[in-house]
Every structure is written in structure tokens, then in C-alpha cells.
Amino acid sequence: MKQETMTAVSTGAKKMSPTNTVDPSEIAKFEAMAAEWWDLNGKFKPLHMMNPVRLDYITRQIAAEFGRDLQGPAPFAGLRLLDIGCGGGLLCEPMARLGAVVVGADAAARNIPVAQVHAAQSGLEIDYRHSTAEALAEAGEQFDVVLNMEVVEHVADPLGYLTACQQLLKPGGLHICSTINRNPKSFAMAIVGAEWVMRWLPKGTHEWAKFITPDELFALLEKAGLVPVDRKGFVFNPLRFSWAISDRDLSVNYVTAATKG
């Protein structure tokens, strides 16, 4: 599940280069919802609810991979991190607070000024760009960590997109990718539940056929030149109305970690 326009704000963002993995219809969906990124009760309410477990997984993986103490000051200092498909900056801001040098990139131009304004209001320096993974890779950008959260199910060419993400990583870098499984339960939860019943997202935000199973994603990551090292589920409890990380239940939302040798 992904991506207020503040037209009075000059973005200063780098222009996006065309690529063959961008799906214009998917970009249009998220541009239409851009103004609601930081509305806790808006269309991105599910993402705000999920964000604590996403952050828990991401920070633990980064700390383990780079030998960082999460209890120390600025534990990610010295690490350069890219959040591709950054939306309004829900992950960029906590990463910056932890000391990382953060670049947030999104193919939906209207997300960028929203993210920039919120970061400025929060006193954070984050390099937001209207760009794509492919354009950044072509420019020779390199990162210690690439966050690729709830994006791969929206691109036209998942393998091409993941290959660009791999090219953006330094040797020994860490790639974290989350998406939605493809099965009857994910259709019921992510589409019927989230879009039709709860109306958290506009109908048509997700296409079930574009969902990717964990085994398929591991295979794609390997083809892209990455080494998958972990996968976990993000599980929603409707009774507690909260999310948790699961070692076993990857039936709907799940996340993977992979490294670049």
C-alpha cells in the first residue's frame, strides 16, 4: 500500500528520468492521494499503523548488518540510506533521526513537496528527489542501505526494478523489501478488507495479479544479484487493531532482507 500538494513550495527536486519499470497508472493513483501522507486518519492510516513494525524490522536489520548499537546516540551515523518510493517520508524521517544520511526518491512528483515541507517542520535534513531507482543507478549513486517498501507490487517490471536497486548498493550493502503475498487471503485482506470494506484506500489501489509470493520475490532478488538472508511477516490483528512481526505468517504482508556481496 503506497503513496497535498503544496503548490506554493518550490521542490528543488531532481527531475525524473523515464524508465521501463515505471507504471504511469500506478503513479497516478498515488499522486491523487499525496496530500494525505501525514494524516493519521486519512488514506494512509494503514501505513501509519504498520509503520512501528516496519521500523522495528528495518532498524534491527541495519544494526545487525553494520554492527550498530540502537541504544547509542545516532546509531546509523556514517551510513548513506535510500528510501525508494519514499512517499511523504514516513520512513525517511526516523532514519534521519537515527543519524543516517537519507535520500528519499519517488516517481510521483506531488509527494516530494509534501515530504520536504514536513521534514523542514521537523528540523530534519533529507535529500528528497523526484526520481526513480533506474535514474539514480544511471547517475552512479551508491548507498549502504536501500529501503524498498511496498513498491515492487506497483512497478511494470519487478526484475528490472530490483536490478536497479541492487546496482544502487555498495558491496556489502543491505536491501530491505516489503510487499504483499498473492493468495486468496491477501485478496480478502488487502483488497476486499482494506479497499472495499474499511475504505482505507481507494478501490483499485492494488492489483492482486501484481502481488508476489515470498518464494517468487526471493528468486527475483537472486536474479537481480542479491543474496536473500531473511524474511518475516507483518501480521494485522483485527481484535487488537495492531500489527506485529511474525516468523511464520507471511500470508499477506511480508518483508525481506538481502545483501550485496
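Quick look at the values:
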read-out	value
Pairs where the first residue, in the range 228-256, is more than 15 Å from Ile58 (Cα to Cα) and the second is open to solvent by 40 Å² or more (accessible area, probe 1.4 Å) and assigned to a loop (DSSP other than H, G, I, E, B), C-beta under 9 Å, 6+ apart	Val235/Asp249
Residues being among the polar types (S, T, N, Q) and over 16 Å from the mean Cα position of the chain (by Cα) - total across the range 140-162	1
Those residues of the range 193-242 which are among the basic types (Lys, Arg), modelled with pLDDT of 95 or more and surrounded by fewer than 16 Cβ atoms within 10 Å (Cβ to Cβ), in sequence order	Lys223
Which numbered condition Val117 misses (of (1) in a helix (DSSP H, G or I); (2) modelled with pLDDT of 95 or more)	(2)
Residues (of a type in the set (A, V, I, L, M, F, W, C), surrounded by fewer than 22 Cβ atoms within 10 Å (Cβ to Cβ) and under 14 Å from Glu207 (Cβ atoms)) located in the range 169-189	Phe187
Yes/no for Ala164 being open to solvent by 30 Å² or more (accessible area, probe 1.4 Å), of a type in the set (A, V, I, L, M, F, W, C), at pLDDT 95 or above and at negative phi	no
Out of Gln116, Gln61, Gln71, sole residue that is open to solvent by 20 Å² or more (accessible area, probe 1.4 Å) and over 30 Å from Asn237 (Cβ atoms)	Gln116
Exclusive hit being under 22 Å from Ser178 (Cβ atoms), of a type in the set (Lys, Arg) and touching a Phe, Trp or Tyr at 6+ places or on another chain (Cβ under 9 Å), set Arg68, Arg129, Arg110	Arg68
Residue match in the range 121-132 (condition: among the hydroxyl-bearing types (Ser, Thr, Tyr), surrounded by fewer than 22 Cβ atoms within 10 Å (Cβ to Cβ) and in a loop (DSSP other than H, G, I, E, B))	yes
Residue list for the range 219-261, restricted to those being charged (D, E, K, R) and assigned to a strand (DSSP E or B)	Asp230, Arg231, Lys232
Qualifying positions in the range 40-63 - aliphatic (A, V, I, L, M) and farther than 17 Å from Ser178 by Cβ	Leu40, Ala63
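The values are calculated or read from the model by the stated rules, or taken from the named source; none is laboratory data. Here the structure is a predicted model, which is why all the values come from computation and not from measurement. When we count neighbours, we look across all protein chains shown, and the Cβ atoms used for this are built from the backbone with ideal geometry, even at glycine. Remember, those area values only see protein heavy atoms, side chains included, never the ligands or the DNA or RNA. Shrake-Rupley method; radii C 1.70, N 1.55, O 1.52, S 1.80 Å.
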